[in-house]
Each structure stands twice: as structure tokens, then as C-alpha cells.
1. Which count do you get for residues in segment 102-115 that are away from the ligand (no atom under 13 Å from the Cβ) and in contact (Cβ under 8 Å) with a residue 40 or more places away in the chain?
2. With the structure loaded, tell me whether Asp119 is without any contact (Cβ under 8 Å) to a residue 40 or more places away in the chain, of a type in the set (Asp, Glu) and crowded, with 17+ Cβ neighbours inside 10 Å or whether it fails that test.
3. So Val182 passes all but one of these: (1) open to solvent by 50 Å² or more (accessible area, probe 1.4 Å); (2) outside any helix (DSSP H, G or I); (3) at pLDDT 95 or above. Which condition number does it fail?
4. Give the residues of segment 144-172 that are β-branched (Val, Ile, Thr) and open to solvent by 10 Å² or more (accessible area, probe 1.4 Å), sorted by residue number.
5. Among the residues of segment 124-138, is any within 16 Å of the ligand (Cβ to nearest atom) and touching a His at 6+ places or on another chain (Cβ under 7 Å)?
6. Kindly check whether there is at least one residue in segment 59-75 that is on the phi > 0 side of the Ramachandran plot, under 13 Å from the mean Cα position of the chain (by Cα) and open to solvent by 10 Å² or more (accessible area, probe 1.4 Å).
7. Any chance you could count how many residues in segment 12-25 are open to solvent by 20 Å² or more (accessible area, probe 1.4 Å) and either acidic (Asp, Glu) or modelled with pLDDT of 95 or more (or both)?
Amino acid sequence: MDDTASPADYPAQLALVHYPAPALRRRTATVTVFDGQLRNFCQRMFAVMEDERGVGLAAPQVGVSRRIFVTDHARPKDGEAPSPRIWINPRIVEPSGTTVYEEGCLSFPAIYAKVTRHDRFTIIWQDLDGREHSESLDVGAGQFLGIVVQHELDHLDGTVFVDHLTVAQLGLIRKKLRDLEVDYRTATGKAGSPLRR
Ligand code: CO
């Protein structure tokens, strides 16, 4: 799906989708309307993310193909205060270095794997009023948010974290992926979009 996707209202009920739902594989449309519906949708995304105890949630994970994700990377168990943030039409510029971090994803329950990401970069995004912001992040300096936003930005391009894994890494989680494929088929009667390698 491309940027000309026709706008539709945001769904009344948001439900997290699991791999291999096709929604996770679609490219998303740029947000052009900054209104109360967008604000309301983002607030409801936070509710889903908190219910699922996630640190990030991208719109495709609730079946909405728009360039939006939300994050709250604070770790309450380490005494950190909540840090909810909304990222609309985000993009990364000037990436440098690499870093490896063990990631999970609400759409891949109980699956974790080490993924290589940029170590430093600048992210540019819009807020709920359409105002543009930029922030430089440095994972090596302890900014965990830098991992979260790279993971969530991938979702907006139909990419999921297991796409970054080596064949050997995939071998370690293959059984769990198959289990999710069976669950999806049982729930929907469809195969969805399983990994092709
Ligand atoms: Co994810």
C-alpha cells in the first residue's frame, strides 16, 4: 500500500494484532490531518500499550496503516517516571555506528532476539498539532529510547524485528513463530503473511 491510501476514520475499537497479521506488513500513509480524531486515536493507543505493558506501539499493530507510533520507555521498576510520547510522520537522519540490543514486540508474544541497530542518529517527527521536532539520540550513552523508536519506525514500513535476524537466530525462534501462525489460522481461518525465510 502506498501513500495514496484513502483516509478512513480511525476504528472505534483498537485491538492488538499478532504475527502473521497482514497489517504488520503494509506500508503506511503519511498523516496529513491533525485533528481531534488523531489525538483521540493516540490516547487510545497508549491504553492498548499500557494494557500490554509495552514500551512502544505502532499504528499498524492495531490495524491502522498510518505513520504514527507512541512510546513510554520509562522503567517503573527502576523508579523512572512515565514518559509518554507521540511520534507522527517520523524519520531518521544522520545515523552512525551500530549497537545490539535484545528486543521483543507486542505482536510477537514471548519472542526475544538480539537486533543490530544504529547507535546514534537524529529523529525528526511531528506532534499532534503538526509541529516538527528533532532530537538526537545516543544508545551507547544509555538512551534506551533510541532502540524503541528504531523498532517502532520499522513497523511503519512493514518491517518487524525478526526481519533483522540471521538464519541461525531465526532457527532458535522458529517453533514460536510456527505456534503464532497456528494461533492466527485458528482465530481467523486465514494464513496471514508468514515470514518467507
Ligand atoms: Co514491535
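1. Of the residues in segment 102-115, 2 are away from the ligand (no atom under 13 Å from the Cβ) and in contact (Cβ under 8 Å) with a residue 40 or more places away in the chain.
2. Working: without any contact (Cβ under 8 Å) to a residue 40 or more places away in the chain: yes; of a type in the set (Asp, Glu): yes; crowded, with 17+ Cβ neighbours inside 10 Å: yes.
Answer is yes for this residue.
3. Exception for Val182: condition (2).
4. Of everything in segment 144-172, those that are β-branched (Val, Ile, Thr) and open to solvent by 10 Å² or more (accessible area, probe 1.4 Å) turn out to be Thr159, Thr166, Val167.
5. Restricting attention to segment 124-138, the residues satisfying the condition of being within 16 Å of the ligand (Cβ to nearest atom) are none.
Among the residues of segment 124-138, not one is within 16 Å of the ligand (Cβ to nearest atom) and touching a His at 6+ places or on another chain (Cβ under 7 Å), which makes the answer no.
6. Yes, segment 59-75 contains at least one residue that is on the phi > 0 side of the Ramachandran plot, under 13 Å from the mean Cα position of the chain (by Cα) and open to solvent by 10 Å² or more (accessible area, probe 1.4 Å).
7. 7
The values are calculated or read from the model by the stated rules, or taken from the named source; none is laboratory data. Quick caveat, the model's predicted, so the values are computed rather than measured. No Cβ is skipped: glycine too gets one built from the backbone with ideal geometry, and neighbour counts run over all protein chains shown. Accessible surface areas use protein heavy atoms only, side chains included; no ligands, DNA or RNA. Shrake-Rupley method; radii C 1.70, N 1.55, O 1.52, S 1.80 Å.
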